[in-house]
Amino acid sequence: MPSTVLVGAQWGDEGKGKITDLIASDFDYVVRFQGGNNAGHTVIHGDKKLALHLMPSGVMYENAVPVIGNGVIIDPGVLVKEMAMLEAEGISCKRLKISCDAHVIMPYHKDLDGADEKRLGSNQIGTTKRGIGPCYQDKAARKGIRIQDLLDEKIFRLKVETALAQKNPILEKIYGLHTYTVEEICDEYLPYARILKPYMEETAQLLNRALREGKNILFEGAQGTLLDIDHGTYPYVTSSSCCAGGAATGTGVGPVNINRVLGIQKAYVTRVGGGPFPTELTFPEDGGTGQDAVDGETLCSVGHEFGVTTGRKRRCGWFDAVIARYAAEVNGLTDVALTKLDVLSAFDTIKVCVAYECDGKRYDYFPMQQSVLFHAKPIYEELPGWKDVDITQCKTYGELPENTRKYVEYLEEITGVPMSIVSVGPDRDQTIMRGW
Ligand code: IMP
């Protein structure tokens, strides 16, 4: 496994953090390639839980070099705080490498993110309001400020001045928000440059050299396939390339160097924010009724489905094989890690969506038009459960109840991808390796 991409195969929050943490020690480099501090995952350090938003998980392992690739966008204040938090916990950030080409999230990006969401009203995306969309907009519009610009005060001032000439009128005249001065931004951002300078590097060269030397690289995806700017449920997506292909553009490593693509799939599905979700089980407070509302509430409470970054209650639903097959194709998944299987121990029977129905037509594959996805009715297969059997202590696949194994094998059959890792609890040792 010289280089492996790990990607979320649903709408994010599939449990990538646990799996990354589990396999990261097998790699020499652990690289973030897209997104910013909209991501969030919890890692266990001794008896403490630490939340990482920007730092690659490799930071937890002394043998691994954590790298923030060019495709990532960096809020320097957040990164500096995260580094200080890790150092205070005794975790060294000395090995961190930051791509000098990564773009910087500016204060006005965060303001514009919030203001634009407000403007959209009931059509809002439900963003994390971390400035992600506006920062990637500036990048694509060739107006962005990169982390390397912080190294030269003259260049940085000039770029901020140019940016503010456009942003201030938008902030003030369109949204009625406060404006910024160049001085204000320089006072906040230039001290970050002094802290981050020693970590900045030409990371594409670094990673290609590492590959030539036979080193192993883990590309750590954030968010998930259906939040990908190209392949997700647009416009209810994030603004980066979360799919496996993003690992190449987001780091400068050629696609031929990627040997394995591990998709992370939860044994059910969740999403935060707006947008279509065919298998969604609506909560009672959102108008859900009957068994569906009970099942939705059970998935949320048993699965502790609340966002790490936002604390929001996640929308919950049954496993959707249509999106699993789609994710397998657009990422080229070689295998899957199935997570949170233990949560399903709460049910008598378990539903799996095998296809959709819309206007009398059956869809076995992801529909071409998003409107179909909005109106799609899931076609379910109902499988017998293993209610109240505690599977969290099972160490081998053979120890799992027969119905649990049947569930896993059914998912493999209908999605066409082998499940090489099965997670049965939050801890590292609550994981069954089946061919990793
Ligand atoms: P943004 O990335 O903040 O622009 O948000 C765009 C959409 O992606 C929203 O629906 C967010 O809730 C969702 N999103 C962003 N990051 C994550 C994540 O790490 N997990 C799950 N959803 C996310």
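Things to note:
- Within a straight-line Cα-Cα reach of under 24 Å, LYS395 can be paired with the following lysines, leaving aside sequence neighbours fewer than 8 residues apart in one chain: LYS16, LYS18, LYS48, LYS49, LYS266, LYS340, LYS387, LYS406.
- Taking the DSSP bridge list for the chain and keeping only pairs wholly inside it, about 40 percent are antiparallel.
- Counting 0.36 nm for each residue step from LEU158 to ASP26 and taking away their Cα separation leaves a gain of 43.1 nm.
- For the chain, the pair-distance distribution built from all alpha carbon pairs, in bins 10 Å wide starting at 0, is 4, 22, 31, 25, 14, 4, 0 percent.
- Secondary structure note: in segment 266-433, about 75% of the DSSP beta bridges are antiparallel.
- FRET efficiency, 1/(1 + (r/R0)^6) with R0 30 Å, evaluated for ASN123 and GLU413 via beta carbons: 0.20
- Helix 402-415 and the longest principal axis of the Cα set of the chain meet at an angle near 60°.
- Per-residue Karplus couplings for segment 258-265, computed as 6.51 cos²θ - 1.76 cosθ + 1.60 with θ equal to phi - 60°, are listed in order as 9, 9, 9, 10, 9, x, 9, 10 Hz, Gly and Pro entered as x.
- Set of lysines near LYS154 by C-alpha distance (under 21 Å), chain-local residues within fewer than 8 positions excluded: LYS139, LYS143, LYS167, LYS197
- The chain: angle of helix 321-331 to the longest principal axis, Cα-based, in degrees nearest 10: 40
- Ordered from highest to lowest accessible area with the whole protein assembly present and a 1.4 Å probe, ASP427, ASP13, ASP21 read as ASP427, ASP13, ASP21.
- Separation in nanometres of the label points that stand 7 Å from Cα toward Cβ, at VAL78 and GLU285: 2.4
- Gaussian network model of the chain, springs between alpha carbon atoms under 10 Å - residue of ASP152, ASP138, ASP101 with greatest fluctuation: ASP152
- Extending 7 Å from the Cα toward the beta-carbon at both GLU202 and VAL302 defines two label points whose distance is 5.4 nm.
- Relative protection proxy for 256-265, 219-228, from highest mean packing down: 219-228, 256-265 (other beta-carbon atoms within 10 angstrom).
- Estimated dipole of the chain in Debye, rounded to 20 [Cβ of Lys and Arg +1, of Asp and Glu -1, Cα centre]: 1000
- The chain - mean residue ellipticity at 222 nm from DSSP helices (-39,500 (n - 2.57) per run, n ≥ 4, rounded to 500): -9500 deg cm²/dmol
- Residue-wise HN-Hα coupling along segment 200-214, computed from phi with Karplus coefficients 6.51, -1.76, 1.60 (Hz; x: Gly, Pro): 6, 7, 7, 6, 4, 4, 4, 6, 5, 5, 4, 5, 4, 7, x
- Using the empirical formula 2.2 N^0.38 Å as the baseline, the Cα radius of gyration of segment 103-195 reaches a ratio of 1.09.
- Crossing angle, helix 107-120 versus the chain [Cα axis fit, 0-90 degrees, rounded to tens]: 50
- Solvent-accessible surface of the chain, averaged per residue with a 1.4 angstrom probe and all protein chains in place: 41 square angstrom.
- Note on segment 266-433: the C-alpha convex hull projects to 10.2 nm² when averaged across all orientations.
The values are calculated or read from the model by the stated rules, or taken from the named source; none is laboratory data. These figures come from a predicted structure and were not determined experimentally. Because the Cβ atoms are built from the backbone with ideal geometry, glycine has one as well, and the counts that use them run over all protein chains shown. Only protein heavy atoms, including side chains, enter the accessible area calculation; ligands, DNA and RNA are left aside. Shrake-Rupley method; radii C 1.70, N 1.55, O 1.52, S 1.80 Å.
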